[in-house]
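The values are calculated or read from the model by the stated rules, or taken from the named source; none is laboratory data. The model shown is predicted, which means the values in this text are computed figures rather than measured ones. Ideal geometry is used to build each Cβ from the backbone, glycine not excepted, and the neighbour counts take in all protein chains shown.
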Amino acid sequence: MKAIISSRDRIEVAEQLNKKAKEIGIESVFSGSKVLDIPMLGMTGKAIYGIKNRLGVPTGCGVHNMASQWKGLKWKLSHEDEFRCQRLHVFYRWLLEWASFCMSR
């Protein structure tokens, strides 16, 4: 199974799922793109923009876990530093201003 990380791959998967949803009679859909860590936020923003423009469906993401899931950084952080990083999502919301929703803690 191929990892779906790039914005192009995410857009293609969203198109396929949207098509299948319509085929089985689902009329109201939305798309949520993953944010696994801080470096992935840019690709997520690009995917949100592309999915929303191509499909015209509400599109967004959950940014609340992007710092805690960053495995390459997590071992370097104290508990207090990790807490600060988890609060970074507030500052990244401006990148996602075109999103229909942005879930956070």
**Prompt:** Can we say VAL35 is touching a Leu at 6+ places or on another chain (Cβ under 9 Å) and farther than 14 Å from ASN53 by Cα?
**Reply:** yes
**Prompt:** What number goes with the only condition from (1) surrounded by 11 or more Cβ atoms within 10 Å (Cβ to Cβ); (2) closer than 20 Å to ILE4 by Cα; (3) modelled with pLDDT under 70 that LEU77 does not pass?
**Reply:** (2)
**Message:** Kindly evaluate LYS20 against the criterion of being surrounded by fewer than 18 Cβ atoms within 10 Å (Cβ to Cβ), in a helix (DSSP H, G or I) and not small (Gly, Ala, Ser).
**Reply:** yes
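Scan the stretch 1-32 residue by residue and report those that are among the small types (Gly, Ala, Ser) and in contact with a Leu (Cβ under 8 Å, 6 or more places away or on another chain).
First, the residues of the stretch 1-32 that are among the small types (Gly, Ala, Ser): 3, 6-7, 14, 21, 25, 28, 31-32.
ALA14, SER31, listed by residue number.
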**Message:** Given the criteria farther than 15 Å from SER100 by Cβ, assigned to a helix (DSSP H, G or I) and modelled with pLDDT of 90 or more, does LYS52 qualify?
**Reply:** no
